[in-house]
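Worksheet for the structure shown next.
The values are calculated or read from the model by the stated rules, or taken from the named source; none is laboratory data. Predicted model only: the values in this text are computed from it and were never measured. No Cβ is skipped: glycine too gets one built from the backbone with ideal geometry, and neighbour counts run over all protein chains shown. Each accessible area value is taken on the protein alone, full model and side chains, heavy atoms only, with ligands, DNA and RNA left out. Shrake-Rupley method; radii C 1.70, N 1.55, O 1.52, S 1.80 Å.
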Amino acid sequence: MRIGIASDHAGYRMKEYLKKRLIELGYELVDFGTDSEDSVDYPDYASKLAEAVSKGEVEKGILICGTGVGVSIVANKYPGVRAGIAYSDEVAELIARHNNANIICFGGRTMEFEDAFRRVKIWLETPFDGGRHERRIKKIRDLEGRICGNSR
Ligand code: RB5
């Protein structure tokens, strides 16, 4: 599975940590930047990754900023993207099980690196439940179609 990863300066160190740990587990990581702790604007990096997920160039993505909020706002503008902030292990499981989230977001300044790594694994290993949740995701797709004239 190809997994994209991107961050701003506030998430850079967590990005590097998660990349290393996930490569050790055998995942293929595609890094969309940033490349240092120099100040940048999170929409520039979150949009690169979200576009790749939206177009199917990578299957899933990981986004990190200071809180996880800015990158999630940007990512959820893209058709077919369902991004959730994994602020606990339970939420990491539920964004896979219920929301079929294809992007997981973290706060590099508000979360521990080890917690984020554990939550990425939970999210990747948890299947989507389907059923009534599929109906709800179809409603999101319909909304995208009506609002943006586009849906995936
Ligand atoms: C950068 O200082 C910070 O505002 C950004 O990383 C993020 O937390 C925004 O949501």
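Brief remarks follow.
- So residue 20, is it surrounded by 14 or more Cβ atoms within 10 Å (Cβ to Cβ) and on the phi < 0 side of the Ramachandran plot: no
- Matching entry among 74, 53, 30 (being of a type outside the set (S, T, N, Q), assigned to a strand (DSSP E or B) and over 15 Å from residue 108 (Cβ atoms)): 30
- Test: residue in region 58-69 that is more than 13 Å from the ligand (Cβ to nearest atom), within 22 Å of residue 20 (Cα to Cα) and assigned to a helix (DSSP H, G or I): no
- Failed item in (1) within 16 Å of the ligand (Cβ to nearest atom); (2) of a type outside the set (A, V, I, L, M, F, W, C); (3) within 25 Å of residue 38 (Cα to Cα), with residue 87 passing the rest: (3)
- Some residue of region 123-138 being within 18 Å of residue 4 (Cβ to Cβ) and either in contact (Cβ under 8 Å) with a residue 60 or more places away in the chain or in contact with a strand residue (DSSP E or B) (Cβ under 9 Å, 6 or more places away or on another chain) (or both): yes
- Flag for residue 27 being more than 10 Å from the ligand (Cβ to nearest atom), among the hydroxyl-bearing types (Ser, Thr, Tyr), under 20 Å from residue 92 (Cβ atoms) and in contact with a strand residue (DSSP E or B) (Cβ under 6 Å, 6 or more places away or on another chain): yes
- Residue check, residue 39 crowded, with 20+ Cβ neighbours inside 10 Å, within 14 Å of the ligand (Cβ to nearest atom) and within 17 Å of residue 10 (Cα to Cα): no
- Of residues in region 48-57 being surrounded by fewer than 24 Cβ atoms within 10 Å (Cβ to Cβ) and more than 19 Å from residue 16 (Cα to Cα), the one farthest from the ligand (Cβ to nearest atom): 56
- Within region 70-81, considering residues that are within 14 Å of the ligand (Cβ to nearest atom) and of a type in the set (A, V, I, L, M), the one surrounded by the most Cβ atoms within 10 Å (Cβ to Cβ): 71
- Exclusive hit being of a type in the set (Lys, Arg), within 11 Å of the chain's Cα centre (by Cα) and more than 23 Å from residue 21 (Cβ to Cβ), set 136, 146, 82: 82
- Any chance residue 44 is in a loop (DSSP other than H, G, I, E, B), within 14 Å of the ligand (Cβ to nearest atom) and either open to solvent by 60 Å² or more (accessible area, probe 1.4 Å) or among the hydroxyl-bearing types (Ser, Thr, Tyr) (or both): no
- Screening region 95-115 for residues that are more than 12 Å from the chain's Cα centre (by Cα) and either in contact (Cβ under 8 Å) with a residue 60 or more places away in the chain or assigned to a helix (DSSP H, G or I) (or both) and picking the one that is surrounded by the fewest Cβ atoms within 10 Å (Cβ to Cβ) gives 114.
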